[in-house]
Amino acid sequence: MTTTGPHPIPALPAACREWCRAQPPALLVADEYVGIDLDLWNLRLAEKRVDLRLVAGGLDGGRVESGPGYLRRSDLWAAGRRARGSLEESVVALYMCAAWLSGHPSRSGVRRGLPDFRVAERDRHGRVSVSSHGYPLVLHEVVDWLDAPVEAMNLLRHGAPAGRAGRGVPDLGYPLASLYLSSLGMAWSAPDIVPVDPAGIGTLIHAGWTEIDSASRLTPRRYQRYLDVVAAWAREAAVDPLVIEMWLVREWHDRRAPADCSGASDRTHRETRPR
């Protein structure tokens, strides 16, 4: 084992190295896609009086505004790039991340129903850190903190840098917050910021990581420790950190799938692959 700080980094599993090196990294992560029901999402947004409509890609590669659609990880990166421009675009990017995460067959982290990232109206009085529509300004301000993931996560989760009291973004747990930060990071040259999923944490614990004993024990500083492990494994395997993160999630589910069904979900997922 190597170390970074007080906790050891477990050895890179041979299976991880072999799988990651066998993948086409330029396409693997960017093309990771999910199917979403645009009608359902936009109906829920309208019912909650959230002033935006999600769009996605169709089977032919064109843009669709209703019915079934597909969101690629690269769509989230493009949204992250636009998020630099305004709080409104940041909100769109966050809802795209929520739709992608909720539609992913192997990931978790978005509660059932529609997440609402607005501060409750009764709590807005006197708060200068909230927009007129109720969205915490940190959703946009966090783009300036991507070189400090601990502080970026503190802003989203707690509304203020470490050591200062504050309120974070409602309905925003670590899986979604980290996917949002990762999308911003890929758009603004911070590719070492990767999502964190309970399945991936489970794989790290199985590999010997002792920083935490479950995903429920995550904190912003422990999220940084997680990034350190992923980055160390990525350097050793000579691949992008996002590829390591994908393996962590896949490995967790592969270890729990019946032997006769291994790979079945992936094959089904690829049969209707959009262009």
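Values as computed for the structure displayed
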read-out: Near-label residues of segment 193-214 by backbone N, under 12 Å of a point 7 Å along Cα→Cβ of residue 256; value: 198-203
read-out: Largest-first principal axis extents of the Cα set of segment 133-234 (Å); value: 44, 27, 22
read-out: Relative frequency of Cα-Cα separations exceeding 12 Å in segment 13-52, percent; value: 71 percent
read-out: Accessible solvent surface per residue of the chain, calculated while the other protein chains remain in place, 1.4 angstrom probe, Å²; value: 48 Å²
read-out: For the chain, calculated [θ]222 nm from helices alone, where every DSSP H run of n ≥ 4 adds -39500 (n - 2.57); value: -14000 deg cm²/dmol
read-out: Dipole axis of segment 175-227 (+1 Lys, Arg; -1 Asp, Glu on Cβ), positive-most option in 216, 180, 199; value: 216
read-out: Percentage of interatomic Cα-Cα distances in segment 185-260 larger than 16 Å; value: 49 percent
read-out: DSSP-assigned coil residues among trypsin sites (Lys or Arg not before Pro) in segment 155-242, each with at most 16 further Cβ atoms within 10 Å; value: 164, 167
read-out: Surface/4 estimate of mean projected area, convex hull on alpha-carbon atoms of the chain, nm²; value: 15.0 nm²
read-out: Relative contact order of the chain, pairs being alpha-carbon contacts under 8 Å that are 6 or more residues apart, as %; value: 20 percent
read-out: Percent of Cα pairs exceeding the 18 Å cut-off, where the set is segment 5-136; value: 64 percent
read-out: Segment 86-142 versus segment 168-241: alpha-carbon centroid distance in Å; value: 20 Å
read-out: Overall form of segment 104-159 per C-alpha gyration tensor (a/c, 1.5; a/b vs b/c); value: oblate
read-out: Distance in nm between pseudo-label sites at residue 137 and residue 116 (7 Å out along the Cβ direction from Cα); value: 2.4 nm
read-out: Choice from 85, 103, 58 showing the highest fluctuation, given a GNM over the chain with Cα pairs closer than 10 Å; value: 85
read-out: Carbon and sulfur %, accessible surface of the chain computed with the full protein complex present, 1.4 Å; value: 50 percent
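The values are calculated or read from the model by the stated rules, or taken from the named source; none is laboratory data. If you're wondering where the values come from, they're calculated on a predicted model, not measured in any experiment. Glycine gets a Cβ as well: all are built from the backbone with ideal geometry, and neighbour counts include every protein chain shown. Calculation scope for accessible area: heavy atoms of the full protein, side chains included, ligands and nucleic acids excluded. Shrake-Rupley method; radii C 1.70, N 1.55, O 1.52, S 1.80 Å.
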